[in-house]
Amino acid sequence: MTDFAALETELLARVETSDQPRSVLRAPELKQLYAQIRDADDKAAFGASVNQLKQSLESAITVREDMLAQLDRAPIDVTAPMDVNAPLPQLAPAARGSIHPISREIAYIVDIFQRMGYVAESSREIDDQYHVFESLNFPKGHPARDDYDTFMTVEQDADGEPLIAPAHTSTMQNRVMKKYRDSLDHGEAIAAIVPDRVFRNEDLDARHEHTFYQVEGIYVARGVHAGMLIATLQTFLEEYYGQKLDVRVNPFYFPFTEPSFEFALSCPFCAGENDSCKVCSGEGWVELLGCGMIHPNVLRAADIDPTEYTGFAFGCGIDRLIMMKHQIEDVRHFESAKLDFLRQF
Ligand SMILES: [Zn+2]
């Protein structure tokens, strides 16, 4: 008499430990059973028991095979920086990369100003109208707002006005003055620059880009006057261009400074001695930036008493500085991702 239960237990155990579970179906014990069907007293009952045993083994084999398939996968190292089982990515050879000229020049500009006692702050790529305009003495409806045509979001700020991609890094003036407000009480100046990205809705050409860079400068203390502003900018520009330069200031208008100036420097390339100079068109002067004494309303908006403290501010296009320094003819090269341009620096 065959003990089907004992045989099933034995064969199932083999299935569960075998790397080739399907081979258990060819076990000699099973072959013997098939042979016994012929001679069995009750062929039908014996055959049914054999079939049941076979089915039980089949389902155990399927389970075991699924499990083995799982084990077949290579282990995953969750600490690896990439999927170790994937083909290695083709990394760009470091030898052929270079720092973007704008990043490099910003680092240099920051270095010069830090040596002059300034801290550097980042700007924002989206801001509210209070910081872009109101805190800078551009009240609602002020016509000068139209000179700062930029991009606005569908989302609105707390006053129900669209948020703005800042058209100048002056958008940080109010925050920077508040952040360092306490320095004034300790007899120290607020001295900060904000070199960062700005946006304008421009018709693009060799001199106009929708995305460009600006360095904003702020200096507030007791007794600050326009002479300090001019000397500061002259010192910076002479350091940046590595040579003595003449500077020229003409009256101008900005809502956030009073008085305001347009600042020009003598052409670093021809000093006015080349009529066909591409940088200054033979004029000998390059209009470079806007600046002025911070408007009392702007100081008040930052909790600074304008009867006690005065300050200056300037805003200078970084792309323009770099274009002049390296005689780059088209501002659009910077954002073009053209490697043959970028690798020259
Ligand atoms: Zn020139």
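The values are calculated or read from the model by the stated rules, or taken from the named source; none is laboratory data. Owing to the predicted nature of the structure, the values given are computational and were not obtained by experimental measurement. Backbone-built Cβ (ideal geometry, glycine too); neighbour counts: all protein chains shown.
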Among the residues of segment 116-144, which ones are over 13 Å from Asp159 (Cα atoms), touching a residue at least 12 places away in the same chain (Cβ under 8 Å) and surrounded by fewer than 18 Cβ atoms within 10 Å (Cβ to Cβ)? Met116, Gly117, Val119, Ala120, Ser122, Glu125, Ile126, His142, Ala144
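Among the residues of segment 269-281, write down those that are under 22 Å from Val331 (Cβ atoms) and over 33 Å from the mean Cα position of the chain (by Cα).
Within segment 269-281, Phe269, Cys270, Ser276, Cys277, Lys278, Cys280, Ser281 qualify.
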Consider Asp305 against the criteria (1) touching a residue at least 40 places away in the same chain (Cβ under 8 Å); (2) more than 12 Å from the ligand (Cβ to nearest atom); (3) not polar (S, T, N, Q): it satisfies all of them except one. Which criterion is unmet? (1)
Could you please let me know if Leu12 is assigned to a helix (DSSP H, G or I) and surrounded by 15 or more Cβ atoms within 10 Å (Cβ to Cβ)? yes
Considering only helices (runs of 4 or more DSSP H) fully contained in segment 288-345, which possess at least 3 residues that are crowded, with 21+ Cβ neighbours inside 10 Å? 318-326
Extreme residue, surrounded by the fewest Cβ atoms within 10 Å (Cβ to Cβ), among residues of segment 164-210 that are in contact with a strand residue (DSSP E or B) (Cβ under 8 Å, 6 or more places away or on another chain) and polar (S, T, N, Q): Ser183
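With the structure loaded, tell me whether Ser103 is closer than 30 Å to Gly315 by Cα and part of a loop (DSSP other than H, G, I, E, B) or whether it fails that test.
no
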Only one of Ala45, Ala69 is among the small types (Gly, Ala, Ser), more than 19 Å from Ala6 (Cα to Cα) and at pLDDT below 90; which? Ala69
Name the residues in segment 136-167 that are polar (S, T, N, Q) and either over 18 Å from Arg197 (Cα atoms) or part of a loop (DSSP other than H, G, I, E, B) (or both), would you? Asn137, Thr150, Gln156
